[in-house]
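Worksheet for the structure shown next.
Quick note: the coordinates plus some simple rules give every number you see, no bench work behind them. This one's a predicted model, so the numbers in the text were calculated from it and none came from an experiment. Neighbour counts run over all protein chains shown; Cβ positions are idealised from the backbone, glycine included.
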2 protein chains.
Amino acid sequence: MRDFTASLRPAQPDGPTMLSQERMRSGINSEQLAQHLLAKNGFLERQKKILDVLSKHSIFIKQNQLNLARPDRYYLALARAKQIRRLVAEHKWDRLDVEMAEYLVDEMSPFALNSTMFLKSMQQQCNEQQRACWLPKINSFDVLGCYAQTELGHGSNVKGLECEARWDQQTKTFVIHSPTLTASKWWNGSLGRTANHAVVVAQLLLPSGAGFKSYGPHQFIVQIRDMKTHQPLDGIVIGDIGPKYGYATMDNGYMLFQHHRVPHSALLSKYTQVDPNTGTYTKPQVQQVVYGTMTAIRADIVEHARLILARAVTIAIRYTSIRRQFKDRDESNPSAPELVVLDYPTVQMRLFPLLATTFALHYTGLAMRTLYESNQETISRNDFSALAETHALSSGLKALCTMLAADGIETSRRALGGHGFGGGSGMIPLNSDYLSKPTVEGDNYMITQQTASYLIKAMERAKRQPSAQCDATQQMYQEYLSGRAKAPLKLLGGDDDDAAIVRVFELRACVVGHQVYQAKVENGRGWTSLMVELHELSIIHSEMLLVRNYFTALQTRSGPPLSDKTWDVMRLMFKLFSLKTILTRPTEFLASGLITVDEMARLKDEVAYIMAKLRPHAVSLVDAWKIPDYLLQSALGSYDGDVYNRLFKQAHEMNPLNKLTFNTDWRSEEVVLGEGVQASQRKIEELVWGNVSPASRSNLSRL
Amino acid sequence: MRDFTASLRPAQPDGPTMLSQERMRSGINSEQLAQHLLAKNGFLERQKKILDVLSKHSIFIKQNQLNLARPDRYYLALARAKQIRRLVAEHKWDRLDVEMAEYLVDEMSPFALNSTMFLKSMQQQCNEQQRACWLPKINSFDVLGCYAQTELGHGSNVKGLECEARWDQQTKTFVIHSPTLTASKWWNGSLGRTANHAVVVAQLLLPSGAGFKSYGPHQFIVQIRDMKTHQPLDGIVIGDIGPKYGYATMDNGYMLFQHHRVPHSALLSKYTQVDPNTGTYTKPQVQQVVYGTMTAIRADIVEHARLILARAVTIAIRYTSIRRQFKDRDESNPSAPELVVLDYPTVQMRLFPLLATTFALHYTGLAMRTLYESNQETISRNDFSALAETHALSSGLKALCTMLAADGIETSRRALGGHGFGGGSGMIPLNSDYLSKPTVEGDNYMITQQTASYLIKAMERAKRQPSAQCDATQQMYQEYLSGRAKAPLKLLGGDDDDAAIVRVFELRACVVGHQVYQAKVENGRGWTSLMVELHELSIIHSEMLLVRNYFTALQTRSGPPLSDKTWDVMRLMFKLFSLKTILTRPTEFLASGLITVDEMARLKDEVAYIMAKLRPHAVSLVDAWKIPDYLLQSALGSYDGDVYNRLFKQAHEMNPLNKLTFNTDWRSEEVVLGEGVQASQRKIEELVWGNVSPASRSNLSRL
């Protein structure tokens, strides 16, 4: 049968027409804004350069990915990871080039751990001989490493790890052993099928009298697989832990050791040593420098969060600018067109604050990066004083920013209506892959306690030393305690709304910080009983930082220049972000008397007013984030707006399920028409049992 | 190599020990509570009966599902759907039995539409001859139907559909045609690969003068596939739309018509007729009875939401009762055990309100069902007066309840820490499959407008007729307007906290209802500009209904009896649900003066107090929901608590990826070790291009 669909076109006006109208009616120069946001380290040029190379290799085409079984996703990802290494060699890509390639390919590479956690640990913990031995092999990707810390029974609490490394003075070896099932290494990326070496974190046990004494967790470099056969070495069991929420391409693994011996040189010994002749232990120096690295990682996370959220918002704003649904209820003309969905305040209310959040995350990421860099400089002069504050505040920001991004993705997706569920939305990998972020690199409910703990101590110091030279947090607290910090007379309509907004965020942070301090220190309440308040304190303080960093950026206008008109829009975005944050969590503002109930009502009107002012610029603003279509992988969100042709082609030309014709007669045990009952039965058995041998099937009901 | 892992055990105390301690220390009789919650229509006995049958057929084993490609998920699901039909025949299962089987198998069956939307439409819209012709074939599953309403370009707004059915007087046929690409039917369940018939919704066009006149959307029964070859009929293009967020087993489809002729009898003609001789149209009677069906569907959705949320909370509460992490910070004894995670207030704060929400949803589902049944009775007496209120309120409840459940699943998942991402959590299908619910059966931001519209009219009537006999909503408004409705003197610590809580929820609903009424009616603000307020009004009114229905259930204590002790715990749950709802959205309570800022602070303490009181009962309470392990599919949440053995076995024995050994040398183009470069290249090509023929590959870059 001739396929008549080839000649069909979408109803008019179509997406490209709608989007170009949107682009014309905003005076925002999105190229200029893109430079302002993304010029750093040549991001935009690099994005273009790497995209050009990737587009020449069909292995990087993504359209079929959602149809693949998980083992095939790993297969393809490994092939891509290897291809990228070959491109690195061919094009002399540097570290930032590789990171860009991985950002654009947009899946966790099975090689990812080798050049991140594994390499970092080796760089930081190896002594000179160890560095000389290992780093060249790691950098050439001959040694493929992973970082084996977390265990089946232990995640965040490293002290609780069960895997042990017992020093055997006789043979001068460490015996690595998993005494229980829960001691199994678990979740470790690149371990399952890829790595041939691992940094293993194990409890160091040294002889002491008749027994052994534990010195806590230490890092060991361990070869885990044979370099030729790629099989686990004797005494080691390794595997991939199976399918997960997202991250299909990463082989997160498990690993158990049975009295596995490694040489003395396996203990990473820059800071700690065990004397090979006596088995005596040398204490590590204080490793505050590690905190610095954590801060850099968290700045990465915040900057990553802004681009992830920008991706979701780009898709949502472009598509809702094209999608039309229902006429205005007050419209009496029956031939009036349906409204564009983005004109609905219920849609704006969900999407515009998220767009504003991308900018808030941007300026805070920038501020964190700057702080980190200035810290690195003072650290190089052996001055660690600024580290505690930077590290503590970066914990809270990591928690808040990943939560904003993770929740924002889903909010954007729900604004898409039915097509938000389809593979053509581009939201599926975004959602599944990002949802891990509130948990990994420090669970959001755990690390906020570090922030709160720091804030309580800062308040304590501010009380004790009301005028001492100190860090910025303590200084803010000192001003508050002295009564010098005054609330603005009114939040909106005063001399300077923006400054007044920052002020109420600061004062709220002080009020809540002081309350928690009183509960903990003055009233002696237990830490655990205060956890909810501690978590909230961290969130509230971090919200203040986001607002203040954004405000500071508006004041200093540093970085590549913007037109005044664009700065005006960026100011509106600041105000929207701040006011929406107040409306979402108003209690403490009201309770502390910083905002009155009447003012709260006016905030809502102001938000509505701002959203109307922003409406014409929405598409231009998301354009400025310059997310390439290749990365979006979204029929709904592509730059040209050709939504419906793309959705249809993807379904009609690319769906492997459509190649099969089924036998739908329930009386027959045949499934695909014509394959015969026996073939169907064999296939069903294969699908149900996977790789479970008939012998082990009786176990299955226990699983 | 011998596998030494077989002899390893998890560290002590293990999960089974922990869970049995939890069960012992609560005095709640979970069997009794299960009867109270689930005895209706023999749910619990039926669950057991059907589970027994399913467990005898290996085709229903689920453990390998997460490893399967989407086409294989459909393959298996079709085989299961057919098997269930054979079991229906064998065991004489009735409708509720089949629904239970589908609930337990827990995937959308490719046959699902045949006995739901397709059958319902045919029952409601067929005239007598049509019923006689079609219903027997549908009930025997020889005709396999689907419901083809939504289109690529049109979802909620049925009036905007583009597919047309043009009456050809000459041949006495309707010509069904898709004039554009956006007219393609889209999303329709069971259409893609399964159905051989469809109820097609198309614009009815009848000759009028020289042209045609549109009579709006009408339903047609259309054969779409050949009964033998299962190929689409000439002039029809059909396919599956491709992978989605969740629902892998359902073949949501697309369909286009090219001047496809169907006989006069295709128009479903119970209410509307076209005279075959003259082409004249007979107007439909008012179809208010349809609203009744919608209410029943929405009661189903609310009852389903409670079991879905119960499933997430069961997993989360059992696992966090087993998982230990970190010592109490104030604990000075170094050998003190780590705390059970559920003892952290930050975990309780997230999970206990969700547990309370399952009960709130339960009592509201029950109330909706009762209301629906009493409405059916009055409708049978041709009295439609109660329909408008029931329908309008059911819209708001659908929106609120699906949002609570969808967000609650993710909140539960994040409380699980790292293992929450693993396939062993059981949260992956729960999350992906449920996220459609806020959108389908009426997008939550669309249908709340129906509720708000009704509430504004009720307020209008209450103003005009302050003492007329009327429905419950108007009555509440009348009392409020008359000033008879008094706020409680204080929210907590008065004569009856629970009644005071209901009262402030009612008053808030009245205050906000009145504000929106004033804005719309008295100040004449446009509908679209008020959408945010309208949405909020619906949410606020629905929250009141949830609180009031729960309160009423505590007062009447109807249904299977509970001990006083259990009722006490259920009352605590009521209070927790209500107070947490206030704390989450405090603005309007504060703005209306119903709750003072000082009281708000006391609410937080009260919530903390309640959570501590509930802690010992958490596991027993989730046990009462009786979610079978087969349905949970969760190593973390299984009844026996044997978390770590299950997680390990699943990874170690069932992961197909672990059967493959890879070539990780990046210089080689071989991917699986030993398969050779050519085999790798062929496999990569297959993975990247799917079923796209080499000829069409140049199109791909456009996709």
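Brief remarks follow.
- Building the convex hull from the alpha-carbon atoms of segment A:293-624 and averaging its projection over directions returns 19.4 nm².
- Given A:Lys48/A:Lys613; A:Lys604/B:Lys457; A:Lys437/A:Lys580; A:Lys398/A:Lys575, the pairs whose alpha carbons are separated by over 30 Å: A:Lys48/A:Lys613
- The calculated P(r) of segment A:368-422, using every Cα pair and 5 Å bins from 0, goes 4, 17, 17, 13, 10, 8, 8, 8, 6, 5, 3, 0 in percent.
- P(r) for segment B:119-283, from all Cα pairs and a bin width of 5 Å, is 2, 9, 18, 22, 21, 16, 8, 3, 1, 0 %, short bins first.
- For segment B:121-231, size of Cβ-based charge dipole, Lys and Arg +1, Asp and Glu -1, in debye: 80
- Legend: P(r) of chain B from all alpha carbon pair distances, 10 Å bins from 0, whole percents, reading 3, 12, 21, 23, 20, 14, 6, 2, 0, 0.
- In nm, spacing of pseudo-spin labels at B:Ala485 and B:Gln170 (7 Å Cα→C-beta vector): 6.4
- Averaged over the residues of peptide B:666-674, the number of Cβ atoms from other protein chains lying within 10 Å of each residue's Cβ is 5.
- Solvent-free Debye calculation, one equal scatterer per alpha-carbon of segment A:660-702: log10 I(q)/I(0) at 0.18, 0.24 Å⁻¹ equals -0.60, -0.79.
- The mean count of C-beta atoms from other chains within 10 Å of the C-beta of residues in A:406-416, rounded to a whole number, is 2.
- Signed unit charges on C-beta, dipole axis of the protein assembly as shown, positive-most listed residue A:Met108, B:Thr411, B:Pro13: A:Met108
- For residues of A:643-649, the mean tally of beta carbons on other chains within 10 Å: 6
- Nearest-0.05 FRET efficiency for B:Asn29 and A:Ser696, computed from C-beta distance (R0 35 Å): 0.35
- Using a 7 Å Cα-to-Cβ projection, B:Arg585 label spacings across copies, nm, ascending: 2.0
- Values of log10 I(q)/I(0) for segment B:544-703 across q = 0.11, 0.13, 0.15, 0.17 Å⁻¹ run -0.76, -0.84, -0.99, -1.17, by the Debye formula with one identical scatterer at each alpha carbon and no solvent.
- If R0 equals 56 Å, the separation of the Cβ atoms of A:Lys463 and A:Lys213 corresponds to a calculated FRET efficiency of about 0.85.
- Amide N of segment A:653-684 lying under 15 Å from the label point, which is placed 7 angstrom from the Cα of A:Asp3 along Cα→Cβ: A:653-660
- At R0 = 45 Å, FRET efficiency that the Cβ-Cβ distance of B:Cys133 and B:Ser374 yields, to 0.05: 0.85
- Shortest-first distances to equivalent copies, position A:Asp640, nm, label 7 Å out along Cβ: 5.9
- Distances from A:Ser140 to itself in the other copies, using label points 7 Å out along the Cα-Cβ axis, amount to 7.4 nm in increasing order.
- For A:Gly422, residues with placed amide H under 5 Å, excluding near neighbours: B:Tyr245
- Label point at B:Ser385 placed 7 Å out along Cα→Cβ; residues across segment B:452-486 whose backbone nitrogen lies under 15 Å: B:467-475
- A simple count of charges around B:Lys327, restricted to other residues whose Cβ falls under 13 Å of its Cβ and scoring Lys, Arg +1 and Asp, Glu -1, yields -2.
- Inter-site label distance for A:Ser58 and B:Arg86 at 7 Å from Cα along Cβ, in nm: 4.1
- Between segment B:308-327 and segment B:11-88, the alpha-carbon centres lie 18 Å apart.
- For segment A:309-354, the spread of Cα coordinates along the three principal axes comes to 39, 17, 8 Å, biggest extent given first.
- Taking the charge dipole of segment A:660-702 about its Cα centre, with +1 at Lys and Arg Cβ atoms and -1 at Asp and Glu Cβ atoms, the residue from A:Ala695, A:Gln681, A:Val671 reaching farthest to the positive side is A:Ala695.
- Taking the average, over residues, of other Cβ atoms within 10 Å as the packing measure, peptides B:173-184, B:498-509, A:390-401, A:116-127 rank A:390-401, B:173-184, B:498-509, A:116-127 from highest down.
- Once you reduce segment B:361-393 and segment A:428-480 to the center of their Cα atoms, the two points are 52 Å from each other.
- Per-residue ³J(HN,Hα) for segment A:6-21, Karplus 6.51 cos²θ - 1.76 cosθ + 1.60, θ = phi - 60°, Hz, x for Gly and Pro: 4, 8, 7, 10, x, 4, 9, x, 8, x, x, 4, 4, 5, 6, 4
- The rotation axis that maps chain B onto chain A passes nearest to the beta carbon of this chain B residue, listed with its distance in whole angstrom: B:Ala69, 2.
- Theoretical gain in end-to-end length, B:Asp495 to B:Val677 [0.36 nm per residue, Cα-Cα removed]: 57.5 nm
- Comparing B:Gln348, B:Pro334, B:Leu400 along the charge dipole axis of segment B:323-427, the residue lying farthest to the positive side is B:Pro334, per the Cβ-charge model.
- Note that segment A:138-148 has calculated 3J(HN,Hα) couplings of 6, 5, 8, 6, 8, 7, 10, x, 9, 10, 9 Hz, one per residue in order, obtained from phi through the Karplus relation 6.51 cos²θ - 1.76 cosθ + 1.60 (θ = phi - 60°); glycine and proline are x.
- Along each principal axis, Cα extent of segment A:118-195, largest first, Å: 35, 34, 22
- Values of log10 I(q)/I(0), in the order q = 0.06, 0.07, 0.09 Å⁻¹, for the protein assembly as shown under a Debye, Cα-only, solvent-free model: -0.56, -0.78, -1.40
- Distance from segment A:544-562 to segment B:553-576 (C-alpha centre basis), Å: 54
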